[in-house]
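The values are calculated or read from the model by the stated rules, or taken from the named source; none is laboratory data. Only a predicted model underlies this, so the values are computations on that prediction, with no experimental measurement involved. Every residue, glycine among them, receives a Cβ derived from its backbone with ideal geometry; neighbour counts consider all protein chains shown.
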Amino acid sequence: MSEDLWYSKREYPRFYRVGGETVKAMILAAGLGTRLLPLTREIAKPAIPFANRPLIHHCLEWLEENGVDEVVINLHYHPQSVVAAIMQGSWPLKINFSHEPILLGTAGGLKKAEGHFQDSTFAMVNSDSLSEIDLAAPTAYHREKGAMATMVLKEKPSEDPYGTVRIDGEGRVRDIKGRGVPQGEGRGYTFTGIHLFEPEIFRWVPSGRLFEINRMVYPRLIQEGRGVWGYVTDAFWAEVGSHETYLQAHRDFLVRRSFGVVSETHLSSRIELVPPVLIGRGCHIGDGARIGPLAIVGHNCDMGQRAVVEDSVLWNEVTLGPGARVRGSIVGHGATIPPGTQLRGMAIWGGEQKRIDSGEDKR
């Protein structure tokens, strides 16, 4: 089956350009991925699979569709896993790597790559999110406001684990609260991790040390009235940095793309498929097995007779013994689930297991 059928290109307006400028973006990919342990024990978060492709592929594709020509990707934790993941694809944009032997944080990492971003407006994005946001609109807003920095925001759901950004009636950012900090008065929004900057931002970041944009740069800019603005979008965006958000993002992905049943493996009529389902190549699935709904099966997996996968993600080369049942779980590369095992609300990598909140009770 053609990959184009799964991941059809969306038509974005091109990133707001001035003349013939090259449009650039920084992708933050150096983090330790601790919220996803044990799945990130041996690979960096941008290299983990999402819908049977490396997570960072989705970020690169979105940026390219938005007209970005060149990216800088910072690396620290298991850097070769990120490089190898990127090498699995073919990209029309120029990719540069910025290695950080010591973590420099969101602002420090950007400062290290300063030489790439001296010409014009540029973006900085996280590698652990999925987005259908059109970058042309917030970029035009950013330039209209004469901003040094613009944060792309979304309406804040009632149950939201993220921090809060408050803006005034004109769109200026008034303050930024971290995770778990009460919102306070005023309208609060969720930050998508998408920034737009002018090169002037580098004057506010020291070189060669750990420095954070949200906690250390923005508060100073806001206090001195230096033009930090918030652009609110209603476009789809999802963070996938924890077990719970990783599972939920897969559910959203399958439903939003109207997958039905998509498989790269020829399937016997004696297998029960309950859409939406995505199955990779080279799989062996025994008679009487059931897959779905909301199930992703990676490449070269082996499911025994009467095995069941529901509301779960299997990575590559996973083996489920006959009669094993997996629900609300994430099973890492090469794991083996013994016959008859009932696995519910777990993340598994190698010999490690972690109980997770699969969100069943909320659906």
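Quick notes on this structure:
- Complete set of residues in the range 37-58 that are buried (at least 22 other Cβ atoms within 10 Å of the Cβ) and within 12 Å of the chain's Cα centre (by Cα): Lys45, Pro46, Ala47, Ile48, Pro49, Ala51, Pro54, Leu55, Ile56
- Extreme residue, surrounded by the fewest Cβ atoms within 10 Å (Cβ to Cβ), among residues of the range 316-350 that are at negative phi and of a type in the set (Gly, Ala, Ser): Gly321
- A Cβ distance below 6 Å, combined with a sequence gap of six or more or placement on separate chains, defines the contacts here; from the range 191-218, residues that are exposed (fewer than 15 other Cβ atoms within 10 Å of the Cβ) reach residues that are of a type in the set (D, E, K, R) in the pairs Ser207/Lys111.
- Of all residues in the range 156-190 being farther than 19 Å from Gln223 by Cα and either in contact with a Leu (Cβ under 6 Å, 6 or more places away or on another chain) or at pLDDT 90 or above (or both), the one that is surrounded by the most Cβ atoms within 10 Å (Cβ to Cβ): Tyr189
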